[in-house]
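Only one structure is covered here, and it is reproduced in the block below.
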Amino acid sequence: MTEVSMRGRAPACDVSPASSAARYDEGEGLLLTDLLLDLGSAAALLEGRCQEGDWLDGYLLSCGAAQILGDALAGGVGPGGRAWWRKLAVEYAGPSRRRRLFDRGVGAGVGLADRVCARTQRDAGVRRCRDAVADLRAVLAPVVAGGPAPGPVEAAAACDLAAEVSARSARLPAAVRTARLRLPSCFRSFDQRPEDVVELVSRYAARHPRRDRPVLVVGVRTSGSYLAPLGAAALRQLGYGRVSLLDLRPAFGVPVQDRRQLAALGSEGHVLLFDDPPSSGRSILQVARAVEGLGVAPERIFLMLALTAGASLPPALEAYPSVVLPWPEWDVHRLLAPDRVAQALSAAESRGRILASCVRREGLPAPTRGHLLARFDVEWRDGGGGAAGESVAVEGVGLGCFGRHAVAVGMALAGRVAPVRRFADGLLFRDWVEEDGPRGLGDPDAVDAACRYVVDRHRALPVERDPAAALVGQLPVWEAAAMLLSRPLGRSGPLGRSLLVGPAVRSLLAVERPSVVDGRMESDRWLHAVDGWKKLAPATGAFSHLDLMCYDPIWDLAAAGVEVELAGGADDGSATLRARFEAETGSGVDDERWLVYQLVHLWDLDRRGGAATEVVERAASRAVTRYLGSVFCADLPSRAEGPLCALDLDGALESAGFGFSATTAVGALSIRALRAHGYRPVVATGRSIGEVADRCRAFGLAGGIGEYGTALYLAADDAVEDLRDDGARARAVAMRSSLAAEEDLVVDDAFRHAVRVYQGASGRGRTVPAARLAAAGVDGSAWEVVVGQNQTDLVPPGHDKRSALVTLSGRLGVPRGVPLLALAVGDTASDLTMLQSAMIGCSPANGSSDLPRAGIPVLRGAYQEGVAEAVERLIGHRPGGCPRCAARPSAPRTRLLVELLSTDPTGSRALRSVLGAVSGFAARSWLR
């Protein structure tokens, strides 16, 4: 935990007396640069907040402490805990077997463990501490929900309870004291306020005025456990006399010890479920079904939800009655009225000026799932009658100490971000940054600014230890990386990830000098202002509802490297950033950490819709290819002059076990063996010519042909040659425009010589039926149609891989009379002419059935194993089997990542290969 004091040097954090929130959001308040508090820190701060009369922060901290203690009583979510085993069993069983697995095995076993552990001294201490926190939360919730401020007696009682929580937490086991709280999206990542909860309860009360009806208020973890106590307090303030409170986790149903509260509802009681604004609604649906499964009729289960801009209730939730608060009716809009903003700005003015006017400028989009941003044009008058105008940005940042985090970060990074003027009611007032040049990271000066920002932030916001390393089940970056790297395990994925890949990746990404990262380095968050490049929203990404907790500055740097490349910068934007960071800090950036962080950032971009799927997949392929090329081929001499060997990518040199096309150690070693023995491997693929260039640069290849022979790439000149005639070029331009105009078709811009088209979403679309192509104007006589797995390609007639390879061999200076290819490996009918032109032409075991019918021999191995077998036929031994072509990484971390990237996705061999990689890494690290 890092706490920053505002005394004497920070914007005021009070609000005007006219604000209805003044009773709970006035005074200095906490300024925290690290929000991922452990129980010990939260309890200590909780006691101090109550003594200061800061009831809002006290309430937020008490909710966080209650969650930690509740997790401890449930067995925790860390490795080995009862909840951890339960979650693992559910993931491994799969949806179709969950209920049977719970009923017959895991449920009974966990229930027995719960009963045994409940009698231990450890759980008794945790329970007493939790009860004290619950009592304190019950005192503070009515104040935060709009009730009167505590009198002297109530304030003293709150302070006594806070002191008891602090004392009891200090005596708990270290595993409980150091557990970290979960941040609520409602008060951290969205602009919800307690007034919104009160409004939802008021709407429910208007429909159901019976005050003697029993009501159970349920908070759906995590946000619901912060919202539900406020809802219960609001119900009591409206006269409901039989209100009870419960927190539930979506994945684990209703614990046995809590079911008596449902039984007490009788046949007329209502259940009110509180959660943050739903996206899919899956979490709240799980809880609603669990409650319904215990005998509560669905018409008595009410969903109490606020909705974000443009959103409606997810269809999955429509079976239950709901009370919703649409985005235009959120309380935050009242705070953005010009007169309220003018009051706040006037209160923060320190130069004696008078605010003459304050006008909100329209045109900024409403947030979909995040914080709002508004712009106000204000005019000031000084004592001499002079006037000065300026623009002020008002943006939501979170409530209480969760929002003041933005103030603390802004103070620590002065000069790199817009100056902060004031924080009030969950809103940050700062200077509006006027654009004075380009936006994004495609500019070299922006790359310099990004590197300096990461370095400055690392130095300004250090922490003693990495809290994210201990997080399990909250998707920190290391856990997301483990999820990605365990994809080839298939059904064994949850088991392999939890027991093998996760611990190894966590060790691989261990941070020696942790600091609070930014977490959002996208290009649209960088703009050039009058006084240089500025970083926008520097305090919303590190602790967001999208998870990905990390305390490694290299995480930000690697994300910036990806953005540089996606923004059209250098092909390897990584190199410049890494070199400058190392020069500034004196700390090296290892290739393994860099690659893993880039893959996670790309995955995150894809899940948030920050880039087209095919763009993300190509960037991930490029990153992995670059890494494997540096490991296996960096030490080889310059390109040889020997015979050509043509290798197809998809289905041969590369496979998609990780969700994107990439080769493995076996494929990279095959290329190394060919080069080391004097051959010239070239790429021959239907993929874009840009991807051909990527592979050539990574592995030191002489060149290649792409887009089904319509273009070639020469590495010596770093140049692309168009092999089409003028007529084919004109037809391709017209066809691309025609298809792009179709509403349900997406044309891939990376293909500039052939035409690649998807039906539906790009990247995740599907092939286009022949009838649909005809309706879009595709003339079958003018195009060769190649149907792929998820796409359809249109190739001008007269182009194939063999003809393009003939041209490439001439450009590479292959003498006449020499066979065109010494070796060729491909897997589809489009490779047939190439395979028939090679001295050794063969197909991997996964190849099309058309090839053996045409006389092409089929190898025993599939994908890269097939390529290795073909190379063995050419050079006489397994790739890497002689001193000339042998290559085995020596560093333990390099060997670990290479082996994880080369996981065999077939059958039980996958889990065995991962086990070998992880155990080898552990042994080598221990011996070292």
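The values are calculated or read from the model by the stated rules, or taken from the named source; none is laboratory data. Because the structure is predicted, anything quoted here is derived from the model rather than measured. Because the Cβ atoms are built from the backbone with ideal geometry, glycine has one as well, and the counts that use them run over all protein chains shown.
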**Fill in**
Filtering segment 768-783 down to residues that are buried (at least 17 other Cβ atoms within 10 Å of the Cβ) and under 19 Å from Arg724 (Cα atoms) yields Val778, Trp783
**Prompt:** Applying the selection to segment 266-292, what residues are in contact (Cβ under 8 Å) with a residue 40 or more places away in the chain, assigned to a loop (DSSP other than H, G, I, E, B) and out of contact with any strand residue (DSSP E or B) (no Cβ under 6 Å at 6 or more places or on another chain)?
**Reply:** Gly266, Glu268, Gly269, Asp276, Ser279
**Request:** Keeping to segment 791-805, report how many residues are among the hydroxyl-bearing types (Ser, Thr, Tyr) and either more than 30 Å from Pro643 (Cβ to Cβ) or buried (at least 20 other Cβ atoms within 10 Å of the Cβ) (or both).
**Result:** 1
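Which one is surrounded by the fewest Cβ atoms within 10 Å (Cβ to Cβ) among residues in segment 521-551 that are among the polar types (S, T, N, Q) and under 24 Å from Phe423 (Cβ atoms)?
Pass one, segment 521-551, residues among the polar types (S, T, N, Q): 523, 540, 544.
Within this subset, residues satisfying the condition of being under 24 Å from Phe423 (Cβ atoms) are 540, 544.
Working: Thr540: 23, Ser544: 17.
Selected residue: Ser544.
Could you count how many residues in segment 307-331 are assigned to a helix (DSSP H, G or I), surrounded by 13 or more Cβ atoms within 10 Å (Cβ to Cβ) and over 27 Å from the mean Cα position of the chain (by Cα)? Explain how you work it out, then say what you get.
Let us first name the residues in segment 307-331 that are assigned to a helix (DSSP H, G or I), namely 315-317, 327-329.
Pick out the ones that are also surrounded by 13 or more Cβ atoms within 10 Å (Cβ to Cβ) and you get 316-317, 327, 329.
Right, trim to over 27 Å from the mean Cα position of the chain (by Cα) and you get 329.
Of the residues in segment 307-331, 1 are assigned to a helix (DSSP H, G or I), surrounded by 13 or more Cβ atoms within 10 Å (Cβ to Cβ) and over 27 Å from the mean Cα position of the chain (by Cα).
Those residues that are within 17 Å of the chain's Cα centre (by Cα) and surrounded by fewer than 23 Cβ atoms within 10 Å (Cβ to Cβ), I need them from segment 482-505; list them, please.
Initial filter on segment 482-505 (within 17 Å of the chain's Cα centre (by Cα)): 482-487, 502, 505.
Answer for segment 482-505, where residues must be within 17 Å of the chain's Cα centre (by Cα) and surrounded by fewer than 23 Cβ atoms within 10 Å (Cβ to Cβ): Met483, Leu484, Arg487, Gly502.
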**Asked** When residues of segment 183-211 are filtered for being surrounded by fewer than 21 Cβ atoms within 10 Å (Cβ to Cβ) and among the basic types (Lys, Arg), how many remain?
**Response** 4
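Listed here are the residues, each with its yes/no results for (1) acidic (Asp, Glu); (2) touching a residue at least 60 places away in the same chain (Cβ under 8 Å).
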{"site": "Gly813", "(1), (2)": "no, yes"}
{"site": "Thr828", "(1), (2)": "no, yes"}
{"site": "Asp831", "(1), (2)": "yes, yes"}
{"site": "Met834", "(1), (2)": "no, yes"}
{"site": "Asp850", "(1), (2)": "yes, no"}
{"site": "Arg873", "(1), (2)": "no, no"}
**Message:** Residue under question is Pro681, and the condition is that it be in contact with a Phe, Trp or Tyr (Cβ under 8 Å, 6 or more places away or on another chain), within 24 Å of Pro815 (Cα to Cα) and at pLDDT below 95; does it hold?
**Reply:** no
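Name every residue in segment 439-452 that is at negative phi and surrounded by 16 or more Cβ atoms within 10 Å (Cβ to Cβ), in order of residue number.
Answer for segment 439-452, where residues must be at negative phi and surrounded by 16 or more Cβ atoms within 10 Å (Cβ to Cβ): Arg439, Leu441, Gly442, Asp443, Ala446, Val447, Ala449, Ala450, Cys451, Arg452.
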**Asked** Are there any pairs with C-beta distances below 6 angstrom linking a residue in segment 545-566 that is more than 20 Å from Ser515 (Cα to Cα) to a residue that is outside any loop (DSSP other than H, G, I, E, B), with the two at least 6 apart or on different chains, and if so which?
**Response** Val562/Gln598; Val562/His601; Glu563/Ser523; Val564/Val447; Val564/Gly573; Glu565/Gly573
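Sort through Gly760, Gly788, Gly765, Gly826 and tell me the only one that's more than 19 Å from Leu701 (Cβ to Cβ) and buried (at least 20 other Cβ atoms within 10 Å of the Cβ).
Within the list Gly760, Gly788, Gly765, Gly826, the selection yields Gly765.
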**Asked** Of the residues in segment 574-633, how many are aromatic (Phe, Trp, Tyr), more than 19 Å from Arg513 (Cα to Cα) and surrounded by fewer than 22 Cβ atoms within 10 Å (Cβ to Cβ)?
**Response** 1
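Could you pull out the residue among Ser670, Ser661 that is in contact with a helix residue (DSSP H, G or I) (Cβ under 7 Å, 6 or more places away or on another chain), farther than 25 Å from Pro819 by Cα and polar (S, T, N, Q)?
Details: Ser670 fails: farther than 25 Å from Pro819 by Cα.
So the residue among Ser670, Ser661 that is in contact with a helix residue (DSSP H, G or I) (Cβ under 7 Å, 6 or more places away or on another chain), farther than 25 Å from Pro819 by Cα and polar (S, T, N, Q) is Ser661.
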**Request:** Kindly indicate which of Val615, Val666 is within 23 Å of Arg888 (Cα to Cα), in a helix (DSSP H, G or I), at pLDDT below 95 and among the aliphatic types (A, V, I, L, M).
**Result:** Val666
**Request:** Assess whether Ala539 counts as being touching a helix residue (DSSP H, G or I) at 6+ places or on another chain (Cβ under 6 Å) and without any contact (Cβ under 8 Å) to a residue 60 or more places away in the chain.
**Result:** no
**Request:** Just need a number here: residues in segment 201-216 that are in contact (Cβ under 8 Å) with a residue 60 or more places away in the chain and of a type in the set (Ser, Thr, Tyr).
**Result:** 1
**Fill in**
(1) in a helix (DSSP H, G or I); (2) buried (at least 18 other Cβ atoms within 10 Å of the Cβ); (3) in the same structural domain as Val666 (by TED's automatic domain parsing); (4) not acidic (Asp, Glu) all hold for Gly810 apart from (2)
**Message:** over 30 Å from Phe252 (Cα atoms) and touching a strand residue (DSSP E or B) at 6+ places or on another chain (Cβ under 7 Å): is that true of Val455 in this structure?
**Reply:** no
**Request:** Considering only segment 707-719, state which residues are surrounded by fewer than 19 Cβ atoms within 10 Å (Cβ to Cβ) and closer than 22 Å to Gly798 by Cα.
**Result:** Leu714
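This table checks each residue for (1) more than 19 Å from Ala887 (Cα to Cα); (2) aromatic (Phe, Trp, Tyr); (3) in contact with a strand residue (DSSP E or B) (Cβ under 6 Å, 6 or more places away or on another chain); (4) modelled with pLDDT under 95.
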{"residue": "Leu628", "(1), (2), (3), (4)": "no, no, no, no"}
{"residue": "Ala634", "(1), (2), (3), (4)": "no, no, no, yes"}
{"residue": "Pro637", "(1), (2), (3), (4)": "no, no, no, yes"}
{"residue": "Gly706", "(1), (2), (3), (4)": "yes, no, no, no"}
{"residue": "Tyr713", "(1), (2), (3), (4)": "yes, yes, yes, no"}
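Take segment 142-156 and flag every residue that is among the hydrophobic types (A, V, I, L, M, F, W, C) and either in contact with a strand residue (DSSP E or B) (Cβ under 9 Å, 6 or more places away or on another chain) or more than 17 Å from Leu61 (Cβ to Cβ) (or both). Walk me through it before giving the result.
If we filter segment 142-156 for residues that are among the hydrophobic types (A, V, I, L, M, F, W, C), which is where we start, we get 143-145, 149, 153, 155-156.
Ala149, Val153, Ala156 - these are the residues of segment 142-156 that are among the hydrophobic types (A, V, I, L, M, F, W, C) and either in contact with a strand residue (DSSP E or B) (Cβ under 9 Å, 6 or more places away or on another chain) or more than 17 Å from Leu61 (Cβ to Cβ) (or both).
To keep it simple, each residue is scored yes or no on (1) touching a residue at least 60 places away in the same chain (Cβ under 8 Å); (2) among the polar types (S, T, N, Q); (3) surrounded by 15 or more Cβ atoms within 10 Å (Cβ to Cβ); (4) touching a Pro at 6+ places or on another chain (Cβ under 6 Å).
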{"site": "Arg351", "(1), (2), (3), (4)": "no, no, no, no"}
{"site": "Leu355", "(1), (2), (3), (4)": "no, no, yes, no"}
{"site": "Cys358", "(1), (2), (3), (4)": "no, no, yes, yes"}
{"site": "Thr368", "(1), (2), (3), (4)": "yes, yes, no, no"}
{"site": "Phe376", "(1), (2), (3), (4)": "no, no, yes, no"}
{"site": "Gly386", "(1), (2), (3), (4)": "no, no, no, no"}
{"site": "Glu390", "(1), (2), (3), (4)": "no, no, no, no"}
**Message:** Can you confirm whether Leu739 is buried (at least 20 other Cβ atoms within 10 Å of the Cβ) and over 24 Å from Ala838 (Cα atoms)?
**Reply:** yes
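Report those helices (runs of 4 or more DSSP H) wholly inside segment 688-799 carrying at least 2 residues which are assigned by TED's automatic domain parsing to the domain that holds Pro643, in contact (Cβ under 8 Å) with a residue 12 or more places away in the chain and among the small types (Gly, Ala, Ser). Explain how you work it out, then say what you get.
Numbers: elements: 689-699, 726-740, 770-775.
Because the criterion is at least 2 residues that are assigned by TED's automatic domain parsing to the domain that holds Pro643, in contact (Cβ under 8 Å) with a residue 12 or more places away in the chain and among the small types (Gly, Ala, Ser), the helices (runs of 4 or more DSSP H) in segment 688-799 that meet it are 689-699.
Only one of Glu582, Glu565 is at pLDDT 90 or above and of a type outside the set (Val, Ile, Thr). Can you tell me which? Before the answer, list the steps.
Values: Glu565 fails: at pLDDT 90 or above.
Answer to the check: Glu582.
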**Message:** Only one of Asp160, Asp123 is modelled with pLDDT under 95 and either assigned to a helix (DSSP H, G or I) or closer than 18 Å to Ser41 by Cα (or both). Can you tell me which?
**Reply:** Asp123
